[in-house]
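Contents: one structure, followed by commentary.
Where a number appears in this text, it was derived from the coordinates with a stated rule and is not lab data. Computed from a predicted structure; not experimentally measured. Note that each Cβ is placed from the backbone with ideal geometry, even for glycine, and that neighbours are counted across all protein chains shown.
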Amino acid sequence: MKVLYFHQHFSTPEGSTGTRSYEMARKLLEQGHEVTMVCGSYGLAKTGLRGEYAKGLRRGVVDGIDVVEFDLAYSNSDGFARRMLTFLQFALRSIGLALSERYDVLFATTTPLTAGIPGIVARWLRRKPFVFEVRDLWPELPRAMGVIRNPMVLGAMSVLEWMSYRSAHRLIGLSPGIVDGIVRCGVPRRRVALVPNGCDLDFFSAHRACWRPDGVHQSDLLAVFSGTHGMANGLDAVLDVAAELKRRGRTDIKIVLVGEGKLKGGLKKRATAEGLDMVIFLDAVDKTRLAGLLAGSDVGLQILANVPAFYYGTSPNKFFDYLASGLPVLNNYPGWLADMIRAWACGFTLPPDDPGAFADALASAADNRGMLQEMGAAARRLAEDEFSRSSLADRWVAWVAGA
């Protein structure tokens, strides 16, 4: 079977972003299928292609995957209008491939929601099977965050959401809330599978050579956040707790924020202005360097803005990387991840917007290293028992191939 796979932000492990699509494509190849991956040029991604663009694209084979990369640059720091234009350009160029390429199944994954457009075209103009993977509920999340307020834009997105869901033969949701959101749009539950992000157990292993940033002593408690520094991430909560720790004189607790994003500059300015020396900002690193950093850390920070739509409607890569690394997870919002942390006793669950409780948890972690070791072991067991990337990829391939 030949799969035409659309993911605008595709990356190999050389990049500094999620590699779910790379891992799923490799699993398809492992099981005898062919894959053509269609993507854009995401700032934190590395597609593996290094040749020159010709007529707006370049193409080559990367680890057995036929990769088509459009010359469409995208960054999380781009303004709203620029991002929307890039999303639409990618969708329109993707239509050409959906109409011309040879394939048996078209698979598309968000974000953005416009990723579904080539699938809609393939379903109705070429009668091809279409499988649609939903990583975030749009327009529900941007509406809840207040990022998009224009009723015409929200209305158009709702129409596109409805068309994508109804056109797809099968769908995949990455969290329970996403599956429920798809079903609320009138899709029979039997057509929707839950396949969350997974844990790369071998890659994030206890044997990985660890490192710590300059200024962090081995005796310090090191808490790490890895990911985008944007509105959804609510990282001012981390600076709030840093201010509380400073007030308490806890100089033995260090917090590392690694990644990029539109709000990073403002966060750094605030940290400097308030003298929050225990907060260390690092540029995004590739997956190998990230694995080493997590191996040298004590706690993984799963932080999001206090938006109820996030509680059951996200499946963050970082959470599963923390579990695979055997890191206790500190989570600052309710939902399915908090429920798991409590059930498996593998970290700390906090109420939103409570820097005092956040500081108490980090202080408890610093003062009870034996407890941290037990939580870390429980996190790794959860990764192995429930979220092995290999096992989840087998389930994913079976669902896609059966379309």
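Per-structure values
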quantity: Fully extended contour minus Cα-Cα distance, from residue 99 to residue 184, at 0.36 nm per residue; calculated: 27.6 nm
quantity: Restricting the range 52-132 to GluC sites (Glu not before Pro) in coil, as DSSP defines it, with at most 11 other Cβ within 10 Å; calculated: 52
quantity: Equivalent ellipsoid semi-axes - Cα gyration tensor, the range 221-386, angstrom; calculated: 22, 18, 16
quantity: Normalised per residue, the volume of the convex hull around the Cα set of the range 258-346 (Å³); calculated: 117 Å³
quantity: Folded to 0 to 90 degrees: helix 369-386 orientation relative to the chain principal axis, Cα; calculated: 10 degrees
quantity: Semi-axes of the equivalent ellipsoid for the chain, Cα gyration tensor, largest first, Å; calculated: 36, 22, 21
quantity: DSSP-loop trypsin sites (Lys or Arg not before Pro) across the range 1-92, with at most 12 other Cβ within 10 angstrom; calculated: 50, 55
quantity: Efficiency of FRET between residue 53 and residue 218 - r from beta-carbon atoms, R0 60 angstrom, step 0.05; calculated: 0.80
quantity: Residues with amide H under 5 Å from that of residue 46, placed H, sequence gap 5 or more; calculated: 12, 15, 16
quantity: At 1.002 mPa s and 20 °C, Stokes D of the range 100-223 from Kirkwood alpha-carbon radius, µm² per second; calculated: 126 µm²/s
quantity: Degrees between helix 389-401 axis and first principal axis of the chain (Cα, 0 to 90, nearest 10); calculated: 20 degrees
quantity: Helix 236-248 axis, angle to the chain major axis (alpha carbon atoms, nearest 10°); calculated: 10 degrees
quantity: Cα-based equivalent ellipsoid of the range 182-283: semi-axis lengths in Å, sorted from largest, via gyration tensor; calculated: 34, 21, 12
quantity: Extension gain (nm, one decimal) between residue 30 and residue 360, 0.36 nm per residue minus Cα-Cα; calculated: 114.1 nm
quantity: Coarse-grained scattering of the range 134-206 at q = 0.18, 0.20, 0.23 Å⁻¹, given as base-10 log I(q)/I(0) from a Debye sum over alpha-carbon atoms; calculated: -0.74, -0.84, -1.00
quantity: Highest-MSF residue in the chain out of 226, 75, 175 [GNM, Cα springs under 10 Å]; calculated: 75
quantity: Lys pairs under 12 Å by Cα in the chain, provided they are eight or more residues apart or on distinct chains; calculated: 4
